[in-house]
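First up is the structure itself, then whatever we jot down about it.
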Amino acid sequence: MIFTVMVNEGPYQHQSSDSALAFTRAALAEGHTIFRVFFYNDGVNNGTRLAVPPKDDRELQKEWSALAKEHDLDMVICIAAAQRRGLMDASEAERQGLDANNIIDGFHISGLGQLIEGSIQSDRTVVFGD
Amino acid sequence: MATKKFMYVNRKAPYGTVYALEALEVVLIAAAFEQDISLAFIDDGVYQIAKGQNTDGIGMKNFSATYKALGDYDINKIFVEKESLDERGMTADDLMDLVWEDEDDDWAEKPSIKIVSRAEMADVLADQDVHYSF
């Protein structure tokens with residue numbers, strides 16, 4: 001089956017990122033296809049490379065990043081939600097005249113159309129949020 | 001591209017959190033994809049389409065007028081759960097007048113809002129292909 005996964009809450013504050021990560025791993029392990037993972041609302045915060053959780057805690061952003069690399073996942077951060085919350089890739093930071101960027105490998109910034117297209121192309125859309 | 005039934009489930013009050021505003025942003029983008037779009041308002045979500053919203057005191061943008069524009073995007077299936085209204089002391093009269101123009105009926109203005117029971121809402125939701133829950 002083909003899935004699009006939507007993550008609407010930030011890491012640590014809420015369980016939805018952990019649950020979405022577990023779901024995505026399980027779906028891949030069962031041989032399903034993840035068409036896209038789309039990060040919206042505070043979910044965009046899953047894509048920062050500047051998080052430094054305590055040593056005895058999990059590193060959610062790095063886990064997503066590693067999963068994307070391992071399975072060549074298409075992981076999209078919504079640009080409108082990202083701009084509000086200060087998530088920037090290099091080209092967007094340059095376009096906005098900002099002095100830094102903070103996106104971790106494996107994520108890229110794009111528009112909400114990617115969510116709609118993902119849901120059209122997938123058999124199921126699974127939303128993780130509050 | 002295939003046409004699917006997309007349902008936007010709105011459960012939260014319009015201010016206090018960003019969910020209502022960002023849900024509306026998805027709906028407006030989705031309108032360009034020529035899919036079959038419905039909106040559901042349940043729980044505190046019914047406040048999103050309440051009449052007479054005024055955000056002067058809280059420093060947030062009053063985006064309620066955007067719901068009135070949905071009809072212009074051919075988004076005219078808006079389901080509101082009756083029990084959620086009842087539980088908040090609200091009736092249909094407390095909701096904005098959301099309408100659309102039917103081009104097959106000489107552009108007659110028709111109501112977009114349909115008030116349904118909780119049981120009917122379950123049927124409406126079961127009939128969809130994609131659910132986005134906010």
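Please give the net charge around B:Thr91, taking every other residue with its beta carbon less than 15 angstrom from that of B:Thr91, where Lys and Arg add +1 and Asp and Glu add -1.
That sum, taken over residues with Cβ under 15 Å, equals -3.
Per the Kirkwood definition applied to all pairs of different Cα atoms, how many angstroms is the hydrodynamic radius of the protein assembly as shown?
So the Kirkwood estimate lands at 19.7 Å.
Write down the percent of antiparallel bridges among all DSSP beta bridges whose residues are both part of the stretch B:5-133, to the nearest 5.
25 percent
Across the stretch B:5-133, how many lysine pairs separated by 8 or more positions, or lying on different chains, have Cα atoms within less than 15 Å?
Final tally of qualifying lysine pairs is 8.
Add +1 for every Lys or Arg and -1 for every Asp or Glu among the other residues with Cβ under 10 Å from the Cβ of B:Gln48, and state the total.
Its environment carries a net charge of +1.
As a test of the formula, what do you get for the protein assembly as shown when each DSSP H run with n ≥ 4 contributes -39,500 (n - 2.57) and the sum is divided by the residue count, at 222 nm and rounded to the nearest 500 deg cm²/dmol?
-8500 deg cm²/dmol
With a cut-off of 8 Å between alpha carbons and a minimum separation of six or more residues, what is the relative contact order of chain B in percent?
Reported as a whole number, the value is 32 percent.
Antiparallel as a % of all DSSP beta bridges within the stretch A:2-128, to the nearest 5?
5 percent
Give me Rg/Rg_expected for the stretch A:2-128, where Rg uses Cα atoms only and Rg_expected = 2.2 N^0.38 Å with N residues.
For the stretch A:2-128, the normalised Cα radius of gyration is 1.00.
Cut-off 10 angstrom, C-alpha nodes, Gaussian network model of chain B. Which of B:Phe79, B:Phe63, B:Phe41 fluctuates the most?
Between B:Phe79, B:Phe63, B:Phe41, it is B:Phe63 that shows the largest mean-square fluctuation.
Does anyone have the angle between helix B:19-30 and the longest principal axis of chain B? Alpha-carbon axes, 0 to 90°, nearest 10?
Here the helix axis deviates by roughly 20 degrees.
So for A:Leu98, B:Leu95, fewest C-beta neighbours within 10 Å to most, what's the order?
Exposure proxy ranking, most exposed first: A:Leu98, B:Leu95.
Bear in mind these aren't lab numbers, they're just calculated from the coordinates by the rules spelled out. Being a predicted model, the structure only gives us computed values, none of them experimental. Don't worry about glycine lacking a Cβ; one is built from the backbone with ideal geometry, like all the others, and counts go over all protein chains shown.
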